[in-house]
Amino acid sequence: MTPILLAIACLLAITLGYCGLCAASPFGDCRKCHGMGHELTTDRKGKPKRGKDCRRCKATGKRIRVGRWLYNRWARIYRAGTG
C-alpha cells in the first residue's frame, strides 16, 4: 500500500471514530474545571475545599463537543431551509 492511501485510511478511521464518539457521548468534561463544576482551593491547614463555581460550564462540569456542536448547527440550518 502506498503511504498516501495509508494516511487517508488513518484519517478516515480517526474521523469516523470521532463521529461515533460525538454520537454516543455528545458532552465531555469541561476543560477548565476538569468536570468538577468548581475549582479547588485550600484552607489554611492545606486541606482542599470547594472554590468558586466554574464560569465556563456554569457549574455543570460538562461541555458540548466540537463535532456535536457542528452537527447541531448543520441540522438547525437544514431544518430551517427545508421547513
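If the segment from R79 to L11 were pulled out straight at 0.36 nm per residue, it would be longer than the present Cα-Cα gap by 21.5 nm. Rounded to the nearest 10 degrees, the angle from helix 3-24 to the longest Cα principal axis of the chain is 50 degrees.
Counting only residues at least eight positions apart within a chain, or on another chain, the lysines with an alpha carbon under 26 Å from that of K62 are K32, K47, K49, K52. By the rule of a second cysteine Cβ within less than 4.7 angstrom, the chain holds isolated cysteines at C10, C19, C22.
Taking all Cα-Cα distances within the chain, those exceeding 20 Å account for 59%. When peptides 2-14, 53-65 are ranked by their average number of other Cβ atoms within 10 Å per residue, the highest-first order is 53-65, 2-14.
A short reminder: the numbers here are calculations on the coordinates, not readings from a lab. Please read all numbers here as calculations on a predicted model, not as lab measurements. For neighbour counting, all protein chains shown are included, and Cβ atoms are generated from backbone atoms with ideal geometry for every residue, glycine included.
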